[in-house]
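The values are calculated or read from the model by the stated rules, or taken from the named source; none is laboratory data. This one's a predicted model, so the numbers in the text were calculated from it and none came from an experiment. Ideal geometry is used to build each Cβ from the backbone, glycine not excepted, and the neighbour counts take in all protein chains shown. Calculation scope for accessible area: heavy atoms of the full protein, side chains included, ligands and nucleic acids excluded. Shrake-Rupley method; radii C 1.70, N 1.55, O 1.52, S 1.80 Å.
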Amino acid sequence: MEYNLAPSILSADFTHLGEDILAVKRCGAKYLHFDVMDGLFVPSISFGMPVLKSIRPLTDMFYDVHLMIKSPERYVDDFADAGADGITVHAEACVHLDRVLDQIHDRGLKTGIALNPATSLSVLDYVCEKADMILLMTVNPGFGGQKLIPGTLAKISQLRAILDQKGLSIPIEVDGGVNDETIDLVIEAGAHVIVAGSAVFGGEIGQNYRKLTAHFPQSV
Ligand code: DX5
Ligand code: ZN
């Protein structure tokens, strides 16, 4: 499984969002992480379909939409229409998680299941086969620039072991508090898709991006 950095535009400079996106694209980014927050499921409100629609024509990167919203089934079609390539929903926000994953697949998109730090992996027992990616939050969602919660590292390793045991090569994505100091920890734990916001968009983007991806194990 290849390693990918997924820059989160939550931390981009919105006075020149397009330039920031093209800057990570020039670095070779294949994923762009799009953090949608509703002020209900998480304390903040971020952005939604109009921003996604406006940036869709910019690149062919995988637009990795992370819905930190209650009852996300209400917006699957809207984000699919706006240009999402993958939609990740929080298990904690869905009454019928299995049905929402089918809804995302029915739109031809990739699915993701996200778990908050305190949520048990057992939530995945009867549904992980429908996930194209599993996102383990390494912070309590709602804000960029937080510190990674160390206890989430063991959870990443446990999930990797469970998926390997089931013969599922589903990549684990991690999100929150990943930077030059913590990226080795999440890679060693078993993450392959690494979300980073402030560590990428805070300062010189190209330099930040290359510094983080230099930690990726070279495929032999
Ligand atoms: C929810 C958001 C953030 C963001 C990453 O809180 O999902 O975790 O993407 O922010 P950084 O990389 O700045 O911690
Ligand atoms: Zn996110």
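Per atom type, the chain shows carbon and sulfur on 53% of its accessible surface, probed at 1.4 Å.
Taking the Cα centre of the chain as origin and charging only Cβ (+1 Lys, Arg; -1 Asp, Glu), how large is the dipole, in debye to the nearest 20? Present the calculation step by step, with values, prior to reporting the outcome.
Values: 17 positive and 28 negative charges, 25 e Å.
Value, rounded to 20: 120 debye.
Is the C-alpha gyration tensor of the range 132-220 telling us rounded, prolate or oblate? Criteria: a/c under 1.5 is rounded; beyond that, a/b larger than b/c is prolate, otherwise oblate. Working shown, then result.
On the way: a/c = 2.17, a/b = 1.43, b/c = 1.52.
Judged from the Cα gyration tensor, the range 132-220 comes out oblate (a/c at least 1.5, b/c at or above a/b).
Highest GNM mean-square fluctuation among Asp35, Asp81, Asp125, for the chain modelled with Cα contacts below 10 Å: Asp125. Residues considered: Arg107, Arg26, Arg99. Largest GNM mean-square fluctuation over the chain, using C-alpha springs under 10 Å, is found at Arg26. When the chain is treated as a GNM with alpha-carbon contacts under 10 Å, the residue of Gly167, Gly112, Gly39 showing the greatest mean-square fluctuation is Gly167. Hey, quick one: spin label on Lys70, modelled 7 Å out along Cα-Cβ, who in the range 81-100 has an amide N within reach, i.e. under 16 Å? In the range 81-100, the label zone of Lys70 (backbone N under 16 Å from the point 7 Å along Cα→Cβ) covers 90-96.
Relative contact order of the range 131-202, taken over Cα pairs closer than 8 Å and 6 or more residues apart, is 38 percent. Here the spin labels are modelled as points 7 Å beyond Cα on the Cα-Cβ line, and at Ile45 and Thr15 they lie 2.3 nm apart.
Its DSSP H runs of at least 4 residues, each contributing -39,500 (n - 2.57), put the calculated 222 nm mean residue ellipticity of the chain at -8500 deg cm²/dmol, to the nearest 500.
For the range 133-220, which trypsin sites (Lys or Arg not before Pro) pass both filters: DSSP loop (anything but H, G, I, E, B) and at most 16 other C-beta atoms within 10 Å?
Values: sites: Lys147, Lys155, Arg160, Lys166, Arg210, Lys211; in loops: Lys147, Lys166.
In loop regions of the range 133-220 (DSSP not H, G, I, E or B), the sparsely surrounded trypsin sites (Lys or Arg not before Pro) are Lys147, Lys166.
Give the accessible surface of the range 123-220 per residue, rounded to a whole number of Å², with probe radius 1.4 Å and ligands, DNA and RNA excluded.
On the way: 4550 Å² over 98 residues.
Accessible surface, normalised per residue, equals 46 Å².
Using the 1.4 Å probe convention, the accessible area of the range 1-45 works out to 45 Å² per residue with neighbouring protein chains retained. Cross-link partners of Lys53 among lysines, defined as those whose alpha carbon lies under 25 angstrom from its own and excluding same-chain residues fewer than eight positions apart: Lys25, Lys30, Lys70, Lys110. Only one residue of His33, Tyr126, Gly203 has its Cα farthest out toward the positive end of the dipole of the chain, where Lys and Arg carry +1 and Asp and Glu -1 on Cβ, and that residue is Gly203.
The antiparallel fraction among DSSP beta bridges confined to the range 1-139 stands at about 5%.
Determine the gain in length on full extension of the stretch Asp106-Asp164; use 0.36 nm per residue of separation and subtract their C-alpha separation, reporting nm with one decimal. Please list the in-between numbers first.
Working: separation 58, 0.36 × 58 = 20.88 nm, distance 2.65 nm.
Full extension from Asp106 to Asp164 adds 18.2 nm.
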